[in-house]
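Worksheet for the structure shown next.
The values are calculated or read from the model by the stated rules, or taken from the named source; none is laboratory data. It should be emphasised that the depicted structure is a prediction, and the values quoted were computed from it without experimental measurement. In this analysis, Cβ positions are derived from the backbone assuming ideal geometry, glycine residues included, and neighbour counts consider all displayed protein chains. When the accessible area is computed, the model is the full protein with side chains, heavy atoms only, and any ligands, DNA or RNA have been set aside. Shrake-Rupley method; radii C 1.70, N 1.55, O 1.52, S 1.80 Å.
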Amino acid sequence: MLYKLTYPATKYDKNNIDKTLLLNLIRKHYSRVAPQMRKNRRYYDGKHDIIRRRKTDPHAPNNKTICNHAKDIADTATGYFMSSALTFRCSDESMDIDALTDAFDRANIDEVDHDNALDISRIGCAFEYVYAKEGTNELTSKNLSPLSTFIVYDDSIEENELFAVYYDKVKDDSNNKYSYVAYVLTESDVIRYVLFGDERDKIEPKKPHFMDEIPIIMYQNNKDCIGDYEQQISLIDAYNTLMSDRVNDKEQFLNSLLVLYGARLADDTVDEEGISEVSKALKVLKDNGFLELPEGARAEYIARTLDEGSVEVLRKAIKEDIYTFSHVPNMSDEKFAGNTSGVAMGYKLLALEGITSTKERYYTKGLKKRIRLYCNYLNLLNISANPSAIIPTFKRNLPKNILELSQIISNLKGFVSRNTLIQQLPFVEDPEGELKIVDEENQKSIENQQKMFGSFDNTPPLTEEKGEEQSENE
């Protein structure tokens, strides 16, 4: 469970955040919050605890096999959740959101979303910094490391955000000098502190960011900010140990002791060069691959018998538990092979869909703050934008049966709007734009038909009776 840093609201003064308070909060974050995050990140990078294993016997094999299920789980969950770019629609038909979506495109927001999704999967939370590029009035977003970013809340039941802190090591490779700096972001300003280094204790003048909110956004993987494989690390360690010992046993089997009964391999003498006759005999045995013994003598290896059957059963059981308890399926499993209907695939992915829906709810909460920050800044540029009317839409990254979808769309035609139907097609990114193109193509087709066959009045020809009546009236 993520430990939240708090500070009494009655003591908080955004214009007077001293260095002592800042250092105490950073130390608390580094020692209390960041250790589990660092361990999760370490397992994703393939640096598992098996690397530090030591053997009491220095001559015994000590293989350290790493099977990185952590990375597989995080990458699979992230791919299912965020491989498809987010889309945005507006509940207010009179409002144009092109300015906002264009700002997102210039900020490469799709890349930021993927980085955020990967962080919440492997660490449990993610942080995003929204700021204006230096020397311009163009907004951009950047994914910040959760290992060095945190938000401080007040001590009320609402847990309101007071300020955010991002600390990092700044280095100058030209002279091998570095310093530690911290950025404090309040609802109105950005303040840069130099904690350690050449310019120690330097506090730069605060700069306004014009966001009307703290421009740091926190995204959660779930309520307790638990990573997707965090609770399966002990199983991953057990799997690594089993596989390492399995390789050790194989190596020990190859290095088994040769025992001779009723014979000697060679005399215990040494030649002029200091090489024993036993060593020469062992080399000949290794090169030739056979051993000549006198009658009645025999030779055999002392080796531990390997029960490969039971080891394989245990390996499969541990691996299945890793994926079962993480709720992320093993996509390389034979259960996902072959043609599977959409309903059958849905049942197989039911657990993954459950945790992804949780991700979506908490990520939407962060998206709302991002939209507010961008809209607040656009309003300063006289670009009207209402953040409450903008609705983000997530898409699942799954193979689609296009033929089945087309049949569904055809069957629902007349009962569901065309906009809703066309949204079901995965290759259509802009449903409204696609409908406009379809309407234009239909109109052009009608015009071409009229040009080809001529334009005639759609009135029936006069019959003989109608012609006689018309002549009498005249």
Label-point separation in nm, GLU432 to SER406, each point 7 Å along Cα→Cβ: 2.8 nm
45 Å tail of the calculated P(r), the chain, as % of Cα pairs: 41 percent
Considering segment 109-165, what Rg and Dmax in Å follow from its alpha-carbon atoms? 13.5, 40
Kindly state, to the nearest 0.05, the FRET efficiency for ASP155 paired with LYS365, given R0 = 22 Å and r defined as their beta-carbon distance. 0.55
Starting at 0 and stepping by 10 Å, how many percent of the alpha carbon pairs of segment 1-135 end up in each bin? 9, 22, 25, 25, 13, 4, 2, 0
Quick one: pull the percent of accessible area on the chain belonging to carbon and sulfur, 1.4 Å probe, ligands and nucleic acids left out. 50 percent
Rounded to the nearest 10 degrees, the helix 34-44 long axis (Cα) sits at an angle to the longest Cα principal axis of the chain of 80 degrees
Hey, rough spin-label estimate for ARG298 and SER384, points 7 angstrom out along Cα→Cβ, what's it come to in nanometres? 9.9 nm
Between the modelled labels at LYS413 and THR65 (7 Å from Cα along Cα→Cβ) the distance in nm is 5.7 nm
To the nearest 10 degrees, the tilt of helix 308-326 (Cα long axis) against the first principal axis of the alpha carbons of the chain is 30 degrees
Segment 72-178 - accessible surface per residue (Å², probe 1.4 Å): 47 Å²
Over segment 1-61, average the accessible area per residue using a 1.4 Å probe and give it in Å², no decimals. 66 Å²
Could you derive backbone 3J(HN,Hα) for segment 221-238 from the dihedral phi with the Karplus parameters 6.51, -1.76 and 1.60 (θ = phi - 60°), listing whole Hz in sequence and x where the residue is Gly or Pro? 6, 6, 4, 9, 6, 9, x, 5, 10, 4, 7, 10, 5, 5, 5, 5, 4, 5
Subtract the Cα-Cα distance of ARG52 and LEU21 from 0.36 nm times their separation in residues, and report this length gain in nm to one decimal. 7.5 nm
